[in-house]
1. Check every one of the helices (runs of 4 or more DSSP H) wholly within the stretch C:14-93 and list those with 2 or more residues that are more than 14 Å from chain A (Cβ to nearest Cβ).
2. I want to confirm something. Restricting to the stretch A:1-28 and keeping residues that are hydroxyl-bearing (Ser, Thr, Tyr) and touching a residue at least 12 places away in the same chain (Cβ under 8 Å), which single residue is surrounded by the most Cβ atoms within 10 Å (Cβ to Cβ)?
3. Against the conditions (1) more than 19 Å from residue C:327 (Cα to Cα); (2) at pLDDT 95 or above, where does residue C:134 fall short? Just the number, please.
4. Would you be able to tell me the number of residues in the stretch C:117-138 that are under 20 Å from residue C:178 (Cα atoms) and either crowded, with 21+ Cβ neighbours inside 10 Å or under 22 Å from the mean Cα position of the chain (by Cα) (or both)?
5. Under the condition of being surrounded by 14 or more Cβ atoms within 10 Å (Cβ to Cβ) and assigned to a loop (DSSP other than H, G, I, E, B), which residue from the stretch B:6-36 is nearest to the other protein chains (Cβ to nearest Cβ)?
6. Considering only the stretch C:252-362, give the helices (runs of 4 or more DSSP H) lying wholly within it that have at least 3 residues that are in contact with a Ser or Thr (Cβ under 9 Å, 6 or more places away or on another chain) and not hydrophobic (A, V, I, L, M, F, W, C).
7. With respect to residue A:3, is the statement that it is modelled with pLDDT of 95 or more and assigned to a loop (DSSP other than H, G, I, E, B) true?
8. Of the residues A:88, A:45, only one is without any contact (Cβ under 8 Å) to a residue 60 or more places away in the chain, among the aliphatic types (A, V, I, L, M), touching a Pro at 6+ places or on another chain (Cβ under 6 Å) and not in a loop (DSSP other than H, G, I, E, B); which?
Amino acid sequence: MNSDLFKIGGLELESRLLTGTGKYADDAVIPGVCEASGSQVITVALRRVDFESDTGNVMDCIPKHMQLLPNTSGARTAEEAVRIARLAKAMGCGDWIKIEVISDNKYLLPDGYETAKATEILANEGFVVFPYVNADLYVARSLVDAGAAAVMPLGSPIGTNRGLKTREMVRILIDEIALPIIVDAGIGRPSEACEAMEMGADAVLVNTAIATASDPLMMAKAFGRAVKAGREAYLSGPGARQRQASASSPLTGFLSEG
Amino acid sequence: MVVILNGKEIEVTADLTVLGLLEARGIGTGSVVVEVNREIVPEAAFGETKLNDGDHLEVLRFVGGG
Amino acid sequence: MSFYPICAELESFPLDERLAAVTVDDVRRALSSTICSRDDFIALMSPAASSMLEEMAQKASQLTLQNFGRTIHLFTPLYLSNFCTNHCVYCGFNAKNKIPRSQLEVDQLDVEAKAIAATGLKHLLILTGEAPAKASPEYLESCMEVLRKYFPSVSIEIYAMTEDEYARMVKAGVDGLTLYQETYDEALYETLHPRGPKKDFRFRLDAPERGCRAGMRVVNIGALLGLGDWRRDALITAMHADYLMEKYSEVDIAVSLPRMRPHVGEFQPQSIVSDHDMVQFMLALRIYRPRLGITVSTREAPEFRDNILPLGVTKMSAGVSTEVGGHTQNGEKVGQFDISDGRSVDEMCAMLKGHGYQPVFKDWEPIADSYSEDRA
């Protein structure tokens, strides 16, 4: 029996690995990825229906037990994000929403201010809000005030797969912010997911690294294990690192005198 | 009459409902969300919602994304 | 919300048990933590850590250097008034003590302030006893009108006030609040403060928080070590600082380490905190929260103060007198406590420079005229 369940948005999840549906060469791989990774939460985007072509519906590839986490990708402002969120909710698959507000097309970095605005509006409407932001303490604090269910700081910019470039800032968020911290974006390798969990993150979201691996199923399995390993390492407490002997003169010698 | 569907102008018959428009294109009502002039139309109301000349329709669905 | 529930929980916390159970590995783990937990602080306060002081000192010294450089902030206290309605058993100003009582008039204050300013000091700490009728908020405001001319930074160490009163002080130009809980042991506190307004434990406990909310830039807390179980008071002090730092991240929180010293009166403290223990507490604090200010006053002897320079202290007093008007008037007045380090500002500066430290007189210059808005 798992006593370390991830409590979020009213659910109790066994897995701390969230996954996505973007960038797959073949969506048919998605059910296998969900099973191999053990993930229970999956992201989707919202787009206009293309009446000209029949590209198949990604929803057919998402196992029924998965909790859907639609994102507001495409939104450049809080207003747009709110609109997309409401549309996503109207699809009838729950009230979870990942807020992505990006008006920077070069690096795809999120706009923390607009994200906080959208978070407040949507949290008040009863959404379970997962805001995707830069690893910034002030932004995170405003998200706490706005009623977010978690904070999702980026590890490195979307799609770069550079790992935890923001690790120092993420560490600060883990220590200072009372909400679950879910590291999203930029995790390229299972070892990086493991490191994030070992630092104390509550969960990680991995999409690109799995979807674009040459063997997505095996990569999904590796990520599932890595997240578990990192979490267990965190829970069992790091061993004391032996300090190196210092050659400087004693600072406390004066205490033994007299 | 003319309505703007997902950003493109199209000719439709007068008195067309949202449901009618979707059915004509073979779109299942459960897999999409519809906005008419920025207002979300609940699935249950697809059959009663008549379109008017110049209406802006957005028909969206979930796709792959991260 | 208040610190009180946390304080109450910590008072019954099995501290002795936990301290005894700490191993050398636990201490090493605390020393290598990037951000220390409460358990890490307890490990650093333990008997196990007590025999690892040099290792702790190396870490504390490194952290102090990184966060504060080789600087010590200098200030001096100025006692405005020793009228007091409290009967605190450990204090020289106890209402029962038959000592000469006085309060500086504004013109006397001007003389004192000028003399202090002439030594180069720019940060003043003004003190009073608890006599709100005499050393009232109005009196303090009129003192601030004088003091603002000479000092860019003035802190108060007076009786506990309401949030509105603190706001008045801030408006008058006060930027810092120093207030010691004396002891966080509520039962002991009652016996130490048998009469007078200071008897109200909770009102005093919540006062630093009121100061934060009222706009104080610096809030300095502490317990008078030795009054009670000093390790427990040390633990609760650290947690109190933590509570304030987390809740009021824009306020500079600092801790003072006053140790019980001789004074007029017959009170004997529960324990005398040794130099070794005092240093352990300071090191534990520095390692626990690297950006916490640490103040050591002239209750401590010159040699001790000199030796602790690399160990975490950030603020020290100089040119001190704990008598009312003691900087200029040569009276046979009675001070609040006996001073061990009577060095002048010049002597302190020379000592600091000799040890490779820079004395800092001024941290900031107030340019926001929040206190002159009303006068416009």
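1. On the way: elements: C:15-21, C:24-32, C:38-45, C:47-50, C:53-68.
By residue number, C:15-21, C:38-45, C:53-68.
2. This residue is A:19.
3. So the condition that residue C:134 fails would be (2).
4. 15
5. Within the stretch B:6-36, the match that is nearest to the other protein chains (Cβ to nearest Cβ) is B:6.
6. The qualifying helices (runs of 4 or more DSSP H) are C:275-288, C:302-307.
7. no
8. Answer to the check: A:88.
The values are calculated or read from the model by the stated rules, or taken from the named source; none is laboratory data. This one's a predicted model, so the numbers in the text were calculated from it and none came from an experiment. Every residue, glycine as well, gets a Cβ built from its backbone with ideal geometry; the counts of neighbours run over all protein chains shown.
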